[in-house]
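Data block below; observations after.
Here, each number is a calculation from the coordinates, and none is a lab measurement. From a predicted model like this one, the values you see are computed outputs, not experimental measurements. Virtual Cβ from ideal backbone geometry, glycine too; neighbours counted across all protein chains shown.
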């Protein structure tokens, strides 16, 4: 494993650092756009570069099913396949197996499931997930975990976290035995991928503690908090993050999976989270929900039909420089494919610029002011809706 | 009307010229991408600029129904609405009224029809079509015509061309009386739009002659040949174009509506056509049919699943510089919206580069060599399919 994590500045609990990965450096705290099927839906790669996307997330479950990890391996790995020469992280497939597939059967060995695409039968074990992720060749890969559902009883959360820990160990052992098989091993001078662990434990702070403490024993280069954003109230998400972060090594990247709204990602970064990902900016964009420096905007609303302003006058993105709300509303109403392209670019640009502000604020020691503004906006948005 | 058409070079029947329009100059012969609903489907405007799109076509029927021409007028006209500061041409709505709408009733006065969107009842007359087109404010507008269906009896074609001629005269009279109402009249120093006439006459060369001769009496700044690409064999299209072109003024732009395949547009440009438009490059792209310097390619084909070549090694477009056939095939198979974006950019780039080659060849006196190569490719493609 070949990650370095260099801290530049801390501000209370928040931290600003550089994570050096085989395919480049990532400035943290960072938000990672989700490129499920080797594409961030509707956005060309050069536009992702233009808005300064540093690292993408790919979904192992989807890529395994289509076009298949062996095909991607033969084509040189995911970076080459999708022409994204910058860092990538893949999840383990666990979350999608539990959320998308049908007829799942979980055993100690792994999960048998049916594809959501064609109903075909598949089996994922920790070893198989790692094999698939090595074939894909992302810079960061994840242990195969069971994402505990919400709500879950204490007993269920404990059983699940125990299984996840046994699977984490198997994931690590298999990874260490096979890490040199990554498609770019020789080309990158013997560098390898980086395996992150995942804390589970449901909404039980003591189980989270146990999960974190036992996981840290595996001495991995980074740790994620999983099993959040699964339907629980936002206050619970915050509490679990707050309770878990101090238990993870301060000198390694800490990643909260599957969050969140703009105000959430600022909040969590302030709490000390280094990495986050979420489909929200792109999925919301495709449904006409846009994020701005003044709150959320539903572009479908008739009030925008003749509004000649950009989505967000403070946004520097290409979409806000060129197009009006009136035009975007028309594209959305007419179900034109360009709506998804432009609105996804804006929402992602807004998320990435938000994290840039967070990093700048940490370096300048002004994070509490930024946090205050973001909370103010959240209150205003809540009042409006 | 404020168009100038400056001839640079002729080569046998082909001509290379500059058409100066209120929103810029257009080098002819030119292919015009179709932006039906104020968007070339799936392609952001800056990518249209990048591939050197000179002029777009907008569909009056669609824009009248949604978002409405009065709304577009209030927003400053189509150029401002869609943020396309370069030339635009709008059709008259006639073709779509006849091909898309329901329950049409044609009278001397005009056409009553039901919207394909919501079944609402509407009426288009020559005067109304012109009013709508003035509100949209394209650089070139078209007379309201009846697009004669195929096949049509001689009697039917004659009745239809007579009606089209009466409508052309009404279109012109109404245009002349209202041309100063275009949204950018003051801003562009009193320039106005340019109204083109449309030759009809079905597949009858003598009726086409009569239509052309009577239309030319209106002394319009440009003329189109309509009623082609409506299902007739390609040889008929060619014959009608060949028979009609010499009857149109040599010093004015000549536009063939709704064509065609890459080899057709080269052929017609060589015959002396200055302007063409077609949904083919974008529609085909969305269905996985790609045009290349070696013929057509159906990206769905399994043979491309691990093909690391670009769509067309000779193409300079951004898509061919970055992505492999294998990746595009995956996007298409996974129904990813990025497939339409990238494939539309390539197909349009290929069409526009093809017309650039035609212009270069006319200037260099080497058009016959280019024509030979294109015909050769067509023969090879026909043998392959």
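Here are the numbers for this structure:
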| quantity | calculated |
| --- | --- |
| Volume per residue of the C-alpha convex hull in segment B:65-161, rounded to whole Å³ | 106 |
| Unit Cα scatterers, Debye sum, segment A:5-103: log10 I(q)/I(0) for q = 0.10, 0.12, 0.19, 0.23 Å⁻¹ | -0.33, -0.46, -0.97, -1.21 |
| Averaged over A:327-334, number of beta-carbon atoms from partner chains that fall within 10 Å | 5 |
| Exam field: residue B:105 pseudo-label spacings to other copies (7 Å along Cα-Cβ), nanometres | 6.6 |
| Pairwise centroid distance, computed over Cα atoms, of segment A:1-41 with segment B:18-96, Å | 42 |
| Folded to 0 to 90 degrees: helix A:126-136 orientation relative to chain A principal axis, Cα | 50 |
| Peptide-level mean, for B:34-44, of C-beta atoms on other protein chains within 10 Å | 5 |
| Expected-Rg normalisation [2.2 N^0.38 Å, Cα atoms] applied to chain A | 0.96 |
| Burial order of peptide ranges B:22-32, B:264-274 (average beta-carbon count within 10 Å, highest first) | B:264-274, B:22-32 |
| Where labels lie 7 Å past Cα in the beta-carbon direction, separation of residue B:335 and residue B:376 in nm | 4.3 |
| Nearest 10 degrees, 0 to 90: helix A:367-384 Cα axis against chain A principal axis | 70 |
| Per-copy distances of the residue B:187 label point, shortest first, in nm (7 angstrom along Cα→Cβ) | 4.8 |
| Hull shadow area, averaged, segment B:216-345 [alpha-carbon convex hull, nm²] | 9.6 |
| Per-residue mean of C-beta atoms belonging to partner chains within 10 Å, peptide A:241-250 | 0 |
| By average C-beta atoms within 10 angstrom, highest first, the peptides A:36-47, A:163-174 | A:36-47, A:163-174 |
| Taking N as its residue count, the alpha carbon Rg of segment B:1-47 over 2.2 N^0.38 Å | 1.46 |
| Inter-label distance, nm, simple model (7 Å from Cα along the C-beta direction), residue B:309/residue A:159 | 5.6 |
| Angle in degrees between helix A:337-364 and the longest Cα principal axis of chain A, rounded to the nearest 10 | 80 |
| Inter-copy label distances at residue B:209 (7 Å, Cα→Cβ; nm, one decimal) | 10.0 |
| Centroid-to-centroid separation of segment B:239-255 and segment A:291-356 [C-alpha atoms, Å] | 45 |
| Burial order of peptide ranges A:236-244, B:374-382, A:340-348, A:203-211 (average beta-carbon count within 10 Å, highest first) | A:340-348, A:203-211, A:236-244, B:374-382 |
| Once the Cα gyration tensor of the protein assembly as shown is diagonalised, semi-axes √(5λ) in Å | 57, 29, 22 |
| Area projected by the alpha carbon convex hull of segment A:134-268, averaged over all directions, nm² | 8.5 |
| Three-way shape label, segment B:116-165, alpha-carbon gyration tensor, a/c 1.5 | oblate |
